[in-house]
Every structure is written in structure tokens, then in C-alpha cells.
Amino acid sequence: MTYPVTAIPGSLIVVFVAGVLLAVLYYRTGNLFVAIGFHALINAPTMVVGAPAVGELTALVLVVLIALVWPWIEKHIETESKPTVPVF
């Protein structure tokens, strides 16, 4: 089975965008394992959510949502877990 030469630019764009999204996810979370986990989810989406096309779209949407929401989650977790020290 041969890969058509005309499909290469589109494939490269998809791979580039996925890489940028995973880099943003790592940057926003500061946790490489989160990015690795989503990369695994993108590689094998049928195990989790069904058909490959639906799974890849779901994984990419989750990556974007986590990257957008993570600072808010981290802020709320940090404020709840920090002990308050009285200032004299």
C-alpha cells in the first residue's frame, strides 16, 4: 500500500498541531505525564471511546480543555492546601 504524496502536507500539519497542543498541555500543567497520557489516548482511542476518528477528536478536545482549565484548577488546589500562617 503506497501513501499518496499529496497527503503528506496535510499529515504534517496534523502532526504539528498535535505536537503544539501537547506542548501547551505540558507547559500549562507542568507535568510531563499528563502530556504522555493524552498522547497514549490519541494513539489508541478505540480502547477508551469507540471509533478511531471519534476517539482522536475526543482526545484532542480533552487536551485543549485541560490546557485551558488547568491554571484555574491548580489555583484552587493551591489555595485550599496551603496552611494559613498568622502574620505578627
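The residue of the stretch 1-44 that is surrounded by the fewest Cβ atoms within 10 Å (Cβ to Cβ), among those that are assigned to a loop (DSSP other than H, G, I, E, B) and aliphatic (A, V, I, L, M), is Met1.
Evaluate the following for Leu57: is it part of a helix (DSSP H, G or I), at pLDDT below 80 and of a type in the set (A, V, I, L, M, F, W, C)?
Taking the combined requirement at face value, the residue satisfies it.
The values are calculated or read from the model by the stated rules, or taken from the named source; none is laboratory data. This one's a predicted model, so the numbers in the text were calculated from it and none came from an experiment. Glycine also receives a Cβ, built like all others from the backbone with ideal geometry; neighbour counts cover every protein chain displayed.
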